[in-house]
Amino acid sequence: MTINVTMEESIYQLLKDVDRNYFTSNRQLNKTSMLYKTVEEVQNSDWFENLKIEAIENYSLATVTLKNATLTDEGLKKLQELKVKYDTNEEDK
């Protein structure tokens, strides 16, 4: 079953995943995927360091650098802001 999430929810999940070092490698993503669109949305924000997209020419894929991505102080602030809004699990707060 597909669950539709907002861009803000997807950004929160990306912030959370980068903060906990979830990504053990870079990813090749379809350019229509939600993760690709999320990274594209935030790549020029001041929330991340070492996060970038490299398009693969003639394909609908891109390599997204996630393994070395880290949160900046602004990214940590944004994560805390969104955590209050989206994290309903009391153990994760």
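The values are calculated or read from the model by the stated rules, or taken from the named source; none is laboratory data. In this text the structure is predicted, and so the values were computed from the model without any measurement. Neighbour counts run over all protein chains shown; Cβ positions are idealised from the backbone, glycine included.
Data for the structure
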{"item": "Complete set of residues in the range 21-63 that are part of a loop (DSSP other than H, G, I, E, B) and aliphatic (A, V, I, L, M)", "result": "LEU51, ILE56"}
{"item": "Qualifying residue in the range 6-17 (condition: in a loop (DSSP other than H, G, I, E, B) and not polar (S, T, N, Q))", "result": "no"}
{"item": "Residue tally, condition under 18 Å from LEU79 (Cα atoms) and either surrounded by 15 or more Cβ atoms within 10 Å (Cβ to Cβ) or among the basic types (Lys, Arg) (or both), over the range 20-37", "result": "3"}
{"item": "Positions within the range 38-58 being surrounded by 14 or more Cβ atoms within 10 Å (Cβ to Cβ) and in contact with a strand residue (DSSP E or B) (Cβ under 9 Å, 6 or more places away or on another chain), in sequence order", "result": "VAL39, GLU40, VAL42, GLN43, TRP47, PHE48, LEU51, LYS52, ILE53"}
{"item": "Pairs where the first residue, in the range 66-81, is of a type in the set (Ser, Thr, Tyr) and the second is not in a strand (DSSP E or B), C-beta under 8 Å, 6+ apart", "result": "THR70/VAL18; THR70/ASN50; THR72/ASP46; THR72/TRP47"}
{"item": "Checklist (1) part of a loop (DSSP other than H, G, I, E, B); (2) among the hydrophobic types (A, V, I, L, M, F, W, C); (3) in contact with a helix residue (DSSP H, G or I) (Cβ under 7 Å, 6 or more places away or on another chain) applied to ILE3, failing item", "result": "(3)"}
{"item": "Neighbours by Cβ (under 7 Å, 6+ apart or cross-chain): first from the range 37-59, under 15 Å from VAL18 (Cα atoms); second aromatic (Phe, Trp, Tyr) and surrounded by 14 or more Cβ atoms within 10 Å (Cβ to Cβ)", "result": "VAL42/PHE48"}
{"item": "Breaking point among (1) within 21 Å of LYS83 (Cα to Cα); (2) surrounded by 14 or more Cβ atoms within 10 Å (Cβ to Cβ); (3) in contact (Cβ under 8 Å) with a residue 40 or more places away in the chain, for GLU8", "result": "(2)"}
{"item": "Lone qualifier among VAL18, VAL5 - being modelled with pLDDT of 95 or more, aliphatic (A, V, I, L, M) and under 14 Å from the mean Cα position of the chain (by Cα)", "result": "VAL18"}
{"item": "Residue among VAL64, VAL84 that alone is in contact with a helix residue (DSSP H, G or I) (Cβ under 8 Å, 6 or more places away or on another chain) and among the aliphatic types (A, V, I, L, M)", "result": "VAL64"}
{"item": "Filtered residues of the range 64-80 (kept if acidic (Asp, Glu) and surrounded by 12 or more Cβ atoms within 10 Å (Cβ to Cβ))", "result": "GLU74"}
